[in-house]
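Structure record follows, encoded as structure tokens.
The values are calculated or read from the model by the stated rules, or taken from the named source; none is laboratory data. Just so it is clear, the structure is predicted and the values come from calculations on it, not from any experiment. For neighbour counting, all protein chains shown are included, and Cβ atoms are generated from backbone atoms with ideal geometry for every residue, glycine included. What goes into the accessible areas is simple: the full protein's heavy atoms, side chains included, and nothing from ligands, DNA or RNA. Shrake-Rupley method; radii C 1.70, N 1.55, O 1.52, S 1.80 Å.
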Amino acid sequence: MIAIWKYHKIPVLFFIASCILYLWFAYSITRLQTAQLLILYVALFVFAYKIIKSSGFNFRLLVVFSIIFRLLFLFAIPNLSQDFYRFIWDGQMILSGLNPYLSTPDFQMEQGILTNFPNQVELHNGMGSLSASHFTNYPPINQLCFVLANLFPGTSILSSVIGLRLIIIAADIGTLYFGKKLLERLKLPSNKIFWYILNPFIIIELTGNLHFEGVMIFFLVWSLYVLHIGKWKWAAVIMAFSISVKLIPLMLLPLFFGYFKKDVKFKEPEAINGELSKSKVTVNNLLKLIVFYAITGLTSILLFISFFSMEFITNYTKTVGLWFGNFEFNASIYYLTRSIGYAITGYNEIAIIGKILPIISILIILGFTFFKQNDSIAKLISSMLLVLTLYLFLSTTVHPWYIATLVFFSVFTNYKYPLVWSIVIVLSYLAYSNTENSENLWIIALEYTIVFSAFIWEVFSKKSQLSKLASN
């Protein structure tokens, strides 16, 4: 400790200050206290930047800091999100021998189901009317996490919260481990992983508010690392686990087409006249791509199989579809098209716009699949980042934790706009500053003006300038 203080006084001082702010954030702030929320949030980003820079990227020191910051939240009830009530509810359902996909919490309460359900009334009231009136949309590995959390000693809501939090912290440590190894394999500075691990947005939204994007990202980076070292079959299995936490990686699967069709890796050892047959390599790689997709799909189906029924399919697809045709929050392009729809028809045209925007997203994915060279892990991750970014730009609902994957992908690229977005995304919480929970569109416009400016500068203007310099 004396040596750490002697050689790292400045980062340690910022670490102590950050601990105080994180404790304040975790145990005192509510999402209604918008002024304090904004001040603390910005201050934590400033301190995180100072810690990383002043530490000289001391790896061990930053690992210790990142774990302690997360443990500070261990006994805190999430204060910016109420989703955890539904997580605990679903876990308790499975422990009671019931399928969480077949009925809504409202229906269960009306029918008097689960009379021995711990904290049933508190959980139902806590999750809110929106969650309580809809079927669960959390995939099976996510449900397994909910079950494990409810097995944590104790029957209180806090004991389950601690269980959920420990799982997410463990996933972040796994992401740190495989993220560092993948960066080293790609010959990138391994300390870049701390722009994700020590990012206050990641700590608050995942560890603090108990969102399982962190677990999804853990399986995703593990899969990419295993793929990079050539174990593509295991990569497919692990990718299925990522999909079974959150469905988002499903939209990234087409991008692997470019990775498997290349002639650099996965070559067969046989040669003709001292050289590999190009057509044979292409066929072999195509077959491996098909097997990769088949393993991913089959593993995903097997993970869902214990919950399977025709009623499950109906309920699940209906619930997932609601995100495109019914819900709206913190959107960008959708809000612009919605305002145009209002001007033309006088009505909210979400039912129509919500069907068109996903089609545009699919076309973008296909464009990146067939017209962009994703022949290396670095290029593949870059395409994943851009595809997911454009998808969120076109989405009707963009909750803050949705951009966690963007922040992670940015670590492996030169793009910084996800980091910018992770700072200004806190503005979306200002919607909760009034009793109606209504959004101030001027604030949303400010958020996306900053994000779009950073995005356009990095993706278009900056690239154009670099091309001119290269030509000179």
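Before moving on, here are some points about what is shown:
- 1.4 Å probe accessible area per residue over the stretch 143-239, in Å²: 31 Å²
- Cα gyration tensor, the chain - rounded (a/c under 1.5), prolate or oblate: rounded
- Across the chain, the mean sequence separation of Cα contacts (distance under 8 Å, 6 or more residues apart), normalised by length, yields a relative contact order of 15 percent.
- The magnitude of the dipole of the chain, with charges of +1 and -1 set on the Cβ of Lys/Arg and Asp/Glu and taken from the Cα centre, is near 2020 debye.
- Within the accessible area of the chain (1.4 Å probe), percent carbon and sulfur: 68 percent
- Applying the criteria of a DSSP loop state and at most 14 other Cβ atoms within 10 Å to the trypsin sites (Lys or Arg not before Pro) of the stretch 109-190 yields Lys187.
- Global geometry of the stretch 1-105, whether rounded, prolate or oblate, following the gyration tensor of its Cα atoms and the 1.5 cut on a/c: prolate
- Pairwise label distance in nanometres, Ser306 with Leu148, each label 7 Å out on the Cα-Cβ vector: 1.3 nm
- Shape class for the stretch 129-268, computed from the alpha carbon gyration tensor (a ≥ b ≥ c): prolate, with a/c not under 1.5 and a/b above b/c.
- In summary, the helical segments of the chain meeting the span-like criteria, namely a full DSSP H run, a Cα extent along the axis of 24 angstrom or more and a mean Kyte-Doolittle hydropathy of at least 0.5, are 9-27, 34-54, 157-185, 278-304, 350-371, 377-394.
- Solvent exposure of the stretch 21-132 as accessible area per residue, Å², 1.4 Å probe: 44 Å²
- Between the amide H of Phe329 and those of Thr397, Val398, distances stay under 5 Å, these residues lying 5 or more places away or on another chain, with hydrogens modeled in the peptide plane.
- Solvent-accessible surface of the stretch 376-431, taken per residue with a 1.4 Å probe and all protein chains present: 18 Å².
- The helix-only estimate of mean residue ellipticity at 222 nm for the chain, built from DSSP H runs of length n ≥ 4 each weighted as -39500 (n - 2.57), is -21000 deg cm²/dmol after division by the residue total.
- Loop-located chymotrypsin sites (Phe, Trp or Tyr not before Pro) in the stretch 10-104 whose Cβ has at most 15 other Cβ within 10 Å (DSSP): Phe57, Phe75
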